[in-house]
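Report on one structure; see the data block that follows.
Values in this text are rule-based calculations from the coordinates and carry no lab data. Remember, it's a predicted structure, so these values are computed and weren't measured experimentally. When we count neighbours, we look across all protein chains shown, and the Cβ atoms used for this are built from the backbone with ideal geometry, even at glycine.
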Amino acid sequence: MAKFLVTGGAGFIGGNFLHRMVKQYPQDEYVCLDALTYAGNMETLQPIMNCSNFKFVHGNICDRDFIFKLFEEERFDYVINFAAETHVDRSIKNPEIFLKTNILGTQTLMDASLKYNVRRYHQVSTDEVYGDLPLDRPDLFFKEDTPIHTSSPYSASKAAADLLVLAYHRTYHLPITISRCSNNYGPYHFPEKLIPLMIQKALRNEPLPVYGKGENVRDWLYVDDHCIAIDLIVRNGNDGEIYNVGGHNEKTNIEVVKTILNILNKPESLISFVQDRLGHDLRYAIDPSKIEKELGWKPLHNFNSGIQETVKWNLENQEWLSHVESGEYLKWIEEHYNS
Ligand code: NAD
Ligand code: TYD
């Protein structure tokens, strides 16, 4: 039996991770800590709210007193940090909150992990810390020792956090692992990100805003495959190691958008090319051979099956999406604190 702290579990990937783990490991306890920013949604946690091995705690990873008190009370064995500001476009408009949450929040969690002797601190990171690859070199991939070379305030804040995690390992011997995953997609994805945004716009016959020429490449991984990888790394990964996670599903943005339109039987005339993102990374592509060889991980989904399932989920969960779009999902905080 082990006790896990999962931060950012009311978000997209953390929520999917908890859905799977709480049911897969009934002997373990999972505490979800989330600040419920605009990206956190209690409706995402509804399927596990009544599970006896699950508990939700509302709080901020930057709040030192609160975090130390929580660690004192709960005595976690493992800490898995999903909590972050995650949207590149928002980081371009307002970098500061990215630095606070993604860097200082990580430091606070690691200080508490050191004081209370957690068995493993796991940092959920991103392939964006490696910067981008050229479009005309399909032979190049990100490996774990590819130099850090960031483009956006988001990726710079994630890279800073990764360096801090490695420093805490070297200097204070904090037991750590880091996973760097490619772009995720699947259920409960906040509709400001490419795939859920395009599905929603297509359903409403609204223009689909594609940045630049739509030729940028992302390496798409179904969210469940990422969750399985994190579980393997936390339980079996080697102390101090970084693991890249990705499934060789590279697609240009325009391919992704056309696939969604095709599944929904909507016309390509809905595509609208708009001004490019500042500093827009050209291509991400992961070499996952280390996690495949060392931990036996392989993705279970390919892009064709994953995108079909994702469109289906969005069609069947329009209530979840409409509550996000109307702001209804934010009422949880009001109801719990102002009543
Ligand atoms: P998300 O934006 O959907 O969710 C983030 C969650 O963190 C939200 O529930 C939010 O309320 C919470 N949060 C934000 N600031 C907080 C704070 N200060 N204290 C406590 N909670 C806070 O993000 P996501 O897409 O689920 O990403 C989760 C993690 O995975 C992030 O660290 C991200 O960098 C990483 N990642 C994401 C992707 C992707 O494609 N989405 C790919 C690779 C890595
Ligand atoms: P996004 O989902 O924001 O993830 P990231 O920037 O972390 O990779 O964007 C994925 C790709 O889609 C990226 O190249 C930017 C592009 N994009 C658009 O073309 N239009 C949009 O409206 C959005 C949100 C993204």
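Observations, loosely collected:
- Only helices (runs of 4 or more DSSP H) whose full extent lies in the stretch 250-324 are considered here, and the ones with at least 3 residues that are more than 25 Å from residue 89 (Cα to Cα) are 289-295, 303-316.
- Selection status of residue 152, within 12 Å of ligand 2 (Cβ to nearest atom), within 15 Å of the chain's Cα centre (by Cα) and crowded, with 17+ Cβ neighbours inside 10 Å: no
- Set 127, 132, 145, 139: member being surrounded by fewer than 23 Cβ atoms within 10 Å (Cβ to Cβ), acidic (Asp, Glu) and either within 16 Å of ligand 2 (Cβ to nearest atom) or closer than 29 Å to residue 76 by Cβ (or both): 132
- Residue satisfying all of: in the stretch 210-238; assigned to a loop (DSSP other than H, G, I, E, B) and not small (Gly, Ala, Ser); nearest to residue 80 (Cα to Cα) among these: 238
- Subset of the stretch 59-79 [farther than 14 Å from residue 113 by Cβ, part of a helix (DSSP H, G or I) and either more than 12 Å from ligand 1 (Cβ to nearest atom) or polar (S, T, N, Q) (or both)]: 65, 69, 73
- Search result, residues across the stretch 195-223 that are within 13 Å of ligand 1 (Cβ to nearest atom) and farther than 20 Å from residue 322 by Cβ: 218, 219, 220, 221, 222, 223
- Among the residues making up the stretch 149-178, those that are out of contact with any Ser or Thr (no Cβ under 9 Å at 6 or more places or on another chain) and within 19 Å of residue 291 (Cβ to Cβ) are 166, 169, 177.
- Qualifying residue in the stretch 46-58 (condition: in contact with a strand residue (DSSP E or B) (Cβ under 6 Å, 6 or more places away or on another chain), part of a loop (DSSP other than H, G, I, E, B) and surrounded by 16 or more Cβ atoms within 10 Å (Cβ to Cβ)): yes
- Hits in the stretch 191-209 - residues which are hydrophobic (A, V, I, L, M, F, W, C) and touching a Leu at 6+ places or on another chain (Cβ under 9 Å): 197, 198, 199, 202, 203, 208
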